[in-house]
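Asker: Let me begin by handing over the structure; questions about it come next.
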Amino acid sequence: MRTPSIGIVMDTEEIKHQIGVRVADTLVKSGMKLGLGTGSTMIHAIDRVCRLLREGALRDIVVVPTSFQTMVACQRAGISLSTLNDPAVDGRLDLTVDGADEVDPRWNLIKGGGAAMLIEKLVAQASDRYCIIVHSSKLVSRLGESAQVPVEIVPQALVTASRRLEALGGRAELRMATRKAGPVISEHGNFVLDVDFPEPFDPGTLEAKIMMIPGVTANGIFTCPVDDLFVGHPDGRVEHEHKDRT
């Protein structure tokens, strides 16, 4: 990996590349059952895993993608894919690597910018080791500081779920598509509400309360344990911290 020069400020894509390379080289091992998350930073990690496979540095990797975006990127890179239901996986993964929209000091997360939080949460909770990779701009003092909370709902619950979310202190807005008319449709045929919570909240409590609303299938608050955090900085540094679950 290239070492940045002192005083050099790297662009965002180069920082994402550095993070993707670092996490693949550090944590991904031969024989792993590996979950790969969604987002632009993850594309660089996927590319690195593919290169290591081609070079023979990695072998016998079983990959479970969290979205169509990740699936297509893996297929283009020549990585064969599986699911949590595959007998070779049997509902358990050795490692999952994913991105986040926000990370608080306790490593609680907001995710779902790519509307893939349902499978992302399933894969995260099925993993023996969960790793998050982010740009330093994603670090916040509290969740909701700069990102809205995505909430996936069945279309029939648009009005009722929005009102329940407002009763919890949120302001819900239906996510609209940018290159088609109408709302964003998730990979499961659902709508996505982006909910602004202006007041500080307890992540675990709000995550649970949102899931009690009829019609909600997933939300973007992640309080499952994060074992590794890789943070890329504008000067090219990539910091890696690890927490034991004990």
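The values are calculated or read from the model by the stated rules, or taken from the named source; none is laboratory data. The structure presented is a predicted model; accordingly, all values stated were derived computationally and were not measured. Reconstructed Cβ throughout: ideal geometry from the backbone, glycine too, with neighbour counts over all protein chains shown. Areas reflect the complete protein model, heavy atoms only, side chains present, ligands, DNA and RNA absent. Shrake-Rupley method; radii C 1.70, N 1.55, O 1.52, S 1.80 Å.
Asker: Which of these, Arg59, Arg48, Arg142, has the largest mean-square fluctuation under a Gaussian network model of the chain (Cα springs below 10 Å)?
Answerer: For the chain, modelled as a Gaussian network with Cα springs under 10 Å, the answer is Arg59.
Asker: Would you work out which of Ser146, Met71, Thr178 lies farthest towards the positive end of the dipole of the range 67-205, given +1 charges on the beta-carbon of Lys and Arg and -1 on that of Asp and Glu, about the Cα centre?
Answerer: Final value for the positive-end residue is Thr178.
Asker: While we're on this one: Dipole magnitude of the range 1-129 about its Cα centre, charges +1 at Lys/Arg Cβ and -1 at Asp/Glu Cβ only, in debye to the nearest 20?
Answerer: On the way: 15 positive and 16 negative charges, 54 e Å.
Rounded to the nearest 20 debye, it is 260 debye.
Asker: Relative contact order (percent) for the chain, with alpha-carbon contacts under 8 angstrom and 6 or more residues of separation? Could you put the intermediate results ahead of the total?
Answerer: Numbers: 512 pairs, mean separation 54.4, N = 246.
The normalised contact order for the chain reaches 22 percent.
Asker: Also, quick follow-up: Could you work out the helix-only [θ] at 222 nm for the chain, with each DSSP H run of four or more residues adding -39,500 (n - 2.57) and the total divided by the number of residues, to the nearest 500 deg cm²/dmol?
Answerer: Working: 6 runs with 70 residues, N = 246.
-9000 deg cm²/dmol, from helical runs alone.
Asker: Looking at the range 27-144, send over the antiparallel percent of its DSSP beta bridges, to the nearest 5.
Answerer: Working: 2 of 15 bridges.
If I count the DSSP bridges inside the range 27-144, around 15 percent turn out antiparallel.
Asker: Just tell me which aspartates and glutamates come within less than 14 Å, Cα to Cα, of Lys138; anything on the same chain fewer than 8 places away is out.
Answerer: Correct list for Lys138: Asp98, Asp101, Glu102, Asp104, Glu239.
Asker: Starting from 0.36 nm per residue, how many nanometres of slack lie between Arg237 and Ser137 once their C-alpha separation is accounted for? Intermediate results must be reported in sequence, preceding the final value.
Answerer: Numbers: separation 100, 0.36 × 100 = 36.00 nm, distance 1.34 nm.
Net length gain for the segment: 34.7 nm.
Asker: Along the charge dipole of the chain, pointing to its positive end and built from +1/-1 on Cβ of Lys, Arg, Asp and Glu, which listed residue (Pro105, Leu58, Phe230) has its Cα farthest out?
Answerer: Leu58
Asker: Given points 7 Å out from each Cα along the Cα-Cβ axis, report the Asp196 to Leu158 separation in nanometres with one decimal.
Answerer: 2.1
Asker: Can you check how the C-alpha radius of gyration of the chain compares to 2.2 N^0.38 Å, as a plain ratio? If you can, show how the numbers build up before the last one.
Answerer: Values: Rg = 18.1 Å, N = 246, 2.2 N^0.38 = 17.8 Å.
Computed over Cα atoms of the chain, the ratio equals 1.01.
Asker: In terms of the Cα gyration tensor, with a ≥ b ≥ c the square roots of its eigenvalues, is the range 1-136 rounded because a/c is under 1.5, prolate because a/b exceeds b/c, or oblate?
Answerer: Details: a/c = 1.81, a/b = 1.24, b/c = 1.46.
Oblate shape, in that a/c is at least 1.5 and b/c is the bigger or equal ratio.
Asker: With every protein chain present, what accessible area does Glu187 have (1.4 Å probe, heavy atoms only), rounded to the nearest 10 Å²?
Answerer: 70
Asker: Taking the Cα centre of the chain as the origin, how large is its charge dipole in debye, to the nearest 20, when only Lys and Arg (+1) and Asp and Glu (-1) carry charge on their Cβ atoms?
Answerer: Values: 27 positive and 32 negative charges, 87 e Å.
Here the chain has a charge dipole of around 420 debye.
Asker: Can you compute the charge dipole magnitude of the range 118-212 about its Cα centre, using +1 on each Lys and Arg Cβ and -1 on each Asp and Glu Cβ, nothing else charged? Give it in debye, rounded to the nearest 20. Walk me through the numbers before you get to the answer.
Answerer: Details: 11 positive and 12 negative charges, 40 e Å.
Magnitude of the dipole: close to 200 debye.
Asker: Moving on. For the peptides 67-79, 94-106, 144-156, what is the packing order when you average, over each peptide's residues, the other Cβ atoms within 10 Å and list the highest mean first? Please list the in-between numbers first.
Answerer: Numbers: 67-79: 17.0, 94-106: 21.6, 144-156: 20.0.
Ranking, from highest mean packing down: 94-106, 144-156, 67-79.
Asker: Right, something else. In terms of modelled amide H atoms, which long-range or inter-chain residues lie less than 5 Å from the amide H of Leu58?
Answerer: Distant-sequence amide H within range of Leu58: Leu53.
Asker: Does the range 180-234 come out rounded, prolate or oblate, given a ≥ b ≥ c as the square roots of the eigenvalues of its C-alpha gyration tensor, rounded meaning a/c under 1.5 and, failing that, prolate meaning a/b above b/c? If you can, show how the numbers build up before the last one.
Answerer: Details: a/c = 1.84, a/b = 1.29, b/c = 1.42.
It is oblate, given that a/c is not under 1.5 and a/b is not larger than b/c.
Asker: Taking 8 Å as the Cα distance limit and 6 or more residues as the minimum spacing, I'd like the relative contact order of the range 158-246 as a percentage.
Answerer: Values: 90 pairs, mean separation 17.5, N = 89.
For the range 158-246, the relative contact order is 20 percent.
Asker: Now a separate question. State the Cα centre-to-centre distance between the range 224-246 and the range 184-201 in whole Å.
Answerer: So the two Cα centres are separated by 26 Å.
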